[in-house]
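The values are calculated or read from the model by the stated rules, or taken from the named source; none is laboratory data. Given the structure is predicted, the values throughout are model-derived calculations rather than measurements. Positions of Cβ are backbone-derived with ideal geometry, glycine not excepted, and every protein chain shown enters the neighbour counts.
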Amino acid sequence: MSGPSPAELAAAAAALRQARDVAVLTGAGISAESGIPTFREALTGLWERYRPEALATPEGFLRDPQLVWAWYRARRQAIAGAKPNPGHHALVAIERRVPRFTLITQNVDGLHRQAGHRELIELHGNIERVKCFDCGRAPAAFDDPEAVPRCARCGGLLRPDVVWFGEMLPERAIARAQDAAQRCDLFLSVGTSNVVEPAASLPWIAARRGATVLVVNITDSGQQIGPHIHHLLGRSGEVLPALVAAAWPDATTGRPA
């Protein structure tokens, strides 16, 4: 994997430098570079005998909440040691350089917030948060009792605050994401194949509205092409810092002190 050519990088950097409203969509690819496996990649060892429907659907939770909580505790433990990588920090550098910036993520690991982002839309929720299955209340603080926790308000079962299979994305989150895609003058798609709707449509909504779209991914398979769509092939932890450095040579994209 050789990465984008100097000409491709220069053209993308020029568009980024001129942008005044940037929207970003990130997917599993950027988290993978911090060592976080995807949901299905994590179905190994003890968990390989379980179907996803048993671990990440409302029906599976009601059938065996103790099993689902054991699975999410294992995932939270695996994520706990992960740190933002150079791709995450490069996006923070972009946020600091453009007048308006919106980060939309499909990831639930919280690494973008850990890296220092302020404007963040978590389309699929956050694995560290919980909410009540019955009343929807999210407690201000959560001390995991290593059992099936219950809501202090109604007594219902608490569940991880993530979007499960068969559930709709939060209406407010997807509305904010679509608004950012329609409004921006540059859209950056990072580490996602852009095939799972409705998030998959966001870059192409921006392209139809006349925005420049930069797609950073290890492959361009399945991605759209067009006069305003630029594909920068490579790992986000390598391409994004190079893109920032080309756009703003004085920018710093390392971990903040």
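Among residues of the range 21-49 that are on the phi > 0 side of the Ramachandran plot, those with a Cβ under 9 angstrom from a residue that is in a loop (DSSP other than H, G, I, E, B), sequence gap 6+ or separate chain, pair up as 35/81; 35/82; 35/83; 35/85.
Criterion applied to 56, 7, 28, 14 was being at pLDDT 95 or above and either within 17 Å of residue 218 (Cβ to Cβ) or over 22 Å from the mean Cα position of the chain (by Cα) (or both), and the one residue passing it is 14.
Has the range 20-37 got at least one residue that is more than 22 Å from residue 109 (Cα to Cα) and either of a type outside the set (A, V, I, L, M) or in a helix (DSSP H, G or I) (or both)? Yes, because at least one residue in the range 20-37 is more than 22 Å from residue 109 (Cα to Cα) and either of a type outside the set (A, V, I, L, M) or in a helix (DSSP H, G or I) (or both).
Of the helices (runs of 4 or more DSSP H) contained entirely in the range 48-101, those carrying at least 1 residues that are of a type in the set (Phe, Trp, Tyr) fall at 58-63, 65-80. Scanning the range 187-209 for residues that are in contact (Cβ under 8 Å) with a residue 12 or more places away in the chain, more than 25 Å from residue 242 (Cβ to Cβ) and in a loop (DSSP other than H, G, I, E, B) returns 195, 196, 198, 209. One residue stands out in the range 188-224 among those that are within 14 Å of the chain's Cα centre (by Cα) and polar (S, T, N, Q): the one that is modelled with the lowest pLDDT, namely 194.
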